[in-house]
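**Student:** Okay, handing you the structure first.
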Amino acid sequence: MKYYKTLIIIILLSLFTVSLSAQNRNFGVPNLLKYDNQLFHFGFLIGYNQFDFDIRSKADLSQYDSLMVINTAALSGFNLGIVTNLRLGKYFDLRFIPGLSFGDRVVNYTILYPDQSRLITKKNIESVYLDLPLLVKLKSSRMHNIRAYVVAGAQYSLDLISAAKKQNNNPREIMLKLYPHDVQAQVGVGIDFYCTHFKFSTEFKMSFGLMNLIVPENNIYAESVQSLKSKMMQISFLFE
């Protein structure tokens, strides 16, 4: 639900901006008239993200003592990237945006004791991903100094601080380990704004992991999870 609220806010802000721009679209010469004829152009990206998991627990948790519920919580982070854009045609571009994503995720395990008291054990997972996305950008016709678009593609990610190979120095604390390699499908929408000297874009994008990241280990936290896939919401600001 939190993703939908964010998306609604972005759409409303974008529509407001488009409305203001549309009121003045007949005034003055459009900016950067030859910009879209370039075969290549480059830029950079900064963004806000929320890392999360798509989690599936085992169908029967009763075999894991008093474990009742497993769920996740999204936490905020940020992204940095370098934009490389190849023009494929009037309405299509191919985009490669290598970058870094910083963020945390939490997996919550709710345990019910015989006296009916509950304990929630939190497993915090920190990640720094090296992201290598390859996206196709489908653009609308340009309306004076604005243009809407959608993007879709795939991304390979490598967690640079993965706990998969870390040694647990505290025997009282059980680590939840994830594999460092991941592949995600991505889809997003955005709006390009042609300024006097550069193009500025706002973009909303979702990433859905295709790989099960959980490292199988002999403990209640790993054994009770059937599948753990990445999920990320990203709001980006691009300068090209």
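The values are calculated or read from the model by the stated rules, or taken from the named source; none is laboratory data. Just so it is clear, the model here is predicted, and its values are computed rather than measured. Note that we place each Cβ from the backbone using ideal geometry, even for glycine, and neighbour counts take in every protein chain shown.
**Student:** Quick test for you: out of Val128, Val225, Val189, pick the one residue that is within 30 Å of Val29 (Cβ to Cβ), touching a strand residue (DSSP E or B) at 6+ places or on another chain (Cβ under 7 Å), surrounded by 14 or more Cβ atoms within 10 Å (Cβ to Cβ) and in contact (Cβ under 8 Å) with a residue 12 or more places away in the chain. Give the derivation first.
**Tutor:** Numbers: Val128 fails: within 30 Å of Val29 (Cβ to Cβ); Val225 fails: within 30 Å of Val29 (Cβ to Cβ).
One residue alone meets the criteria, Val189.
**Student:** Output yes when any residue across the range 11-29 is part of a strand (DSSP E or B) and at pLDDT 65 or above, and no when none is.
**Tutor:** No; the residues of the range 11-29 include none that is part of a strand (DSSP E or B) and at pLDDT 65 or above.
**Student:** Go through the range 144-161 and report how many residues are in contact with a Ser or Thr (Cβ under 8 Å, 6 or more places away or on another chain), in a strand (DSSP E or B) and touching a residue at least 40 places away in the same chain (Cβ under 8 Å).
**Tutor:** Counting residues in the range 144-161 that are in contact with a Ser or Thr (Cβ under 8 Å, 6 or more places away or on another chain), in a strand (DSSP E or B) and touching a residue at least 40 places away in the same chain (Cβ under 8 Å) gives 6.
**Student:** Report, by residue number, each residue of the range 182-216 that is β-branched (Val, Ile, Thr) and touching a helix residue (DSSP H, G or I) at 6+ places or on another chain (Cβ under 9 Å).
**Tutor:** To start, the set of residues in the range 182-216 that are β-branched (Val, Ile, Thr) comprises 183, 187, 189, 191, 196, 202, 214-215.
Passing the criteria: Val189, Ile191, Thr202, Ile214, Val215.
**Student:** Could you pull out the residue among Asp36, Asp54 that is within 30 Å of Lys229 (Cα to Cα), modelled with pLDDT of 55 or more and acidic (Asp, Glu)?
**Tutor:** Exactly one residue qualifies, and that residue is Asp54.
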